[in-house]
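The block underneath contains the structure these notes are about, expressed in structure tokens.
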Amino acid sequence: MRRLFLFLGAVFFGVCMMHPVTARASAITPELNEAETQFNKGNVLGAASALRQALVTVYNHSVLKVEKAILVKSKPVGFGMIEPRNSNKFKANETIIIYVEPVGYHFARQGDVYKFGVTADFSVTDDKGNILGGKKRFGSWEITTRHRPLFDFFMTLTYNFTGIRPGKYFLLTTLNDRHGGGSTTIKMPFEIVK
């Protein structure tokens, strides 16, 4: 009898552990099933479309995050087409360029139109955390696509700080999802040298 209770307890524990995963996975199960059906029929375009819809569901159940934020030498010409900067040291009045790949933004959909976007705030602090300046909504992006949502999205953040003295600083950029997916902050250390 004790073995039976231990077995039933283990099954109950397993079901409890799986329940959150099952509940979360169920939101994308129809799209995944459709992707598999289309793939098995040899319809690659249909399978890819269903997988994109599953990813829209995943993004709309997520919160905004940043997959990559890196200092670069110049403005990129496309997604992932970057030349990283080897140092975070800048001369006064030198342009600071940050390449950013946000993920988990929410989509607003109307028929075959997909929209997503972010706004950006920034502040500069010294190495002790004292806020030296900044601006709310210094940038705003809204992307609209038809027929297909866009996931390979990047942003270029460009900063010019005139009159800043030599020293170590932090540049905090907060991205805000325009369609309800929260906010995330990028904290980038930089140094102004003579």
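From the residues in the range 141-194 that are part of a strand (DSSP E or B) and among the small types (Gly, Ala, Ser), which one is farthest from Arg52 (Cα to Cα)? Among them, the one singled out is Gly167. State all residues of the range 110-125 that are modelled with pLDDT of 95 or more and surrounded by fewer than 16 Cβ atoms within 10 Å (Cβ to Cβ); if no residue qualifies, say none. Val113 - this is the single residue of the range 110-125 that is modelled with pLDDT of 95 or more and surrounded by fewer than 16 Cβ atoms within 10 Å (Cβ to Cβ).
Would you mind finding the one in Lys115, Lys128 that is assigned to a loop (DSSP other than H, G, I, E, B) and among the basic types (Lys, Arg)?
Values: Lys115 fails: assigned to a loop (DSSP other than H, G, I, E, B).
After ruling out the rest, the residue left standing is Lys128.
Going by the conditions given, is Thr173 in contact with a strand residue (DSSP E or B) (Cβ under 7 Å, 6 or more places away or on another chain) and in the same structural domain as Ile70 (by TED's automatic domain parsing)?
The answer is yes for Thr173.
On the basis of being loosely packed, with under 14 Cβ neighbours inside 10 Å and free of Cβ contacts under 8 Å to residues at least 24 places away in the same chain, does Lys194 make the cut? Outline the logic, then answer.
Numbers: loosely packed, with under 14 Cβ neighbours inside 10 Å: yes; free of Cβ contacts under 8 Å to residues at least 24 places away in the same chain: no.
The answer is no for Lys194.
Contact map, the range 21-39: residues that are of a type in the set (Ser, Thr, Tyr) paired with residues that are at pLDDT 95 or above and outside any helix (DSSP H, G or I), Cβ distance under 9 Å, separation 6+ or inter-chain. Pairs shown: Thr37/Asn43. Put simply, of Ile131, Ile98 the only residue that is in contact with a strand residue (DSSP E or B) (Cβ under 6 Å, 6 or more places away or on another chain), surrounded by fewer than 15 Cβ atoms within 10 Å (Cβ to Cβ) and closer than 20 Å to Ser183 by Cα is Ile131. Comparison of Glu101, Glu83 shows that the only residue that is within 28 Å of Lys168 (Cα to Cα) and out of contact with any Pro (no Cβ under 9 Å at 6 or more places or on another chain) is Glu101.
The values are calculated or read from the model by the stated rules, or taken from the named source; none is laboratory data. Quick caveat: nothing in here was measured; it's all calculated off a predicted structure. Neighbour counts are summed over all protein chains in view; Cβ atoms, including those assigned to glycine, are modelled from backbone coordinates with ideal geometry.
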